[in-house]
Amino acid sequence: MSLTDILSPSDIAAALRDCQAPDSFSPKKFFQISGMSKKSSSQLKEIFRILDNDQSGFIEEDELKYFLQKFECGARVLTTSETKTFLAAADHDGDGKIGAEEFQEMVQS
């Protein structure tokens with residue numbers, strides 16, 4: 001399964017266009033534009049599984065850098081500040097990584 005099985009390719013493209021410039025990425029805005037914020041819990045779990053490169057059950061900081069590239073191969077890498085802000089916004093238990101529940105909570109809030 002791929003992200004385009006869950007999200008509309010045109011919504012993904014619009015979300016990526018919105019954050020092309022370095023330091024312009026906002027997770028909340030990206031989730032809204034891409035349509036992720038409207039998806040069910042089971043769909044968000046599947047999206048999380050796709051984003052979890054090493055299938056560890058967590059999205060770590062090094063995986064977050066390449067977050068946009070999971071949506072489109074040629075997308076830019078997140079800047080260090082964007083990555084740290086994204087991680088801090090979702091990592092509620094302070095373990096330095098984002099679990100599936102933390103991800104779902106962030107997308108749906």
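The values are calculated or read from the model by the stated rules, or taken from the named source; none is laboratory data. This one's a predicted model, so the numbers in the text were calculated from it and none came from an experiment. FYI the Cβ positions are ideal-geometry reconstructions off the backbone, even for glycines, and counts take in every protein chain you see. Calculation scope for accessible area: heavy atoms of the full protein, side chains included, ligands and nucleic acids excluded. Shrake-Rupley method; radii C 1.70, N 1.55, O 1.52, S 1.80 Å.
Laid out as a table, the results:
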{"quantity": "Rounded, prolate or oblate (a/c below 1.5 giving rounded, otherwise prolate when a/b exceeds b/c) for region 50-103 by Cα gyration tensor", "calculated": "oblate"}
{"quantity": "Distant-in-sequence amide H partners of Phe67 (H built 1.01 Å from N, under 5 Å)", "calculated": "Leu78"}
{"quantity": "Total formal charge among the other residues, if their Cβ is under 14 angstrom from that of Phe30, Lys/Arg +1 and Asp/Glu -1", "calculated": "+2"}
{"quantity": "For the chain: accessible area per residue (Å², 1.4 Å)", "calculated": "52"}
{"quantity": "Within the accessible area of the chain (1.4 Å probe), percent carbon and sulfur", "calculated": "50"}
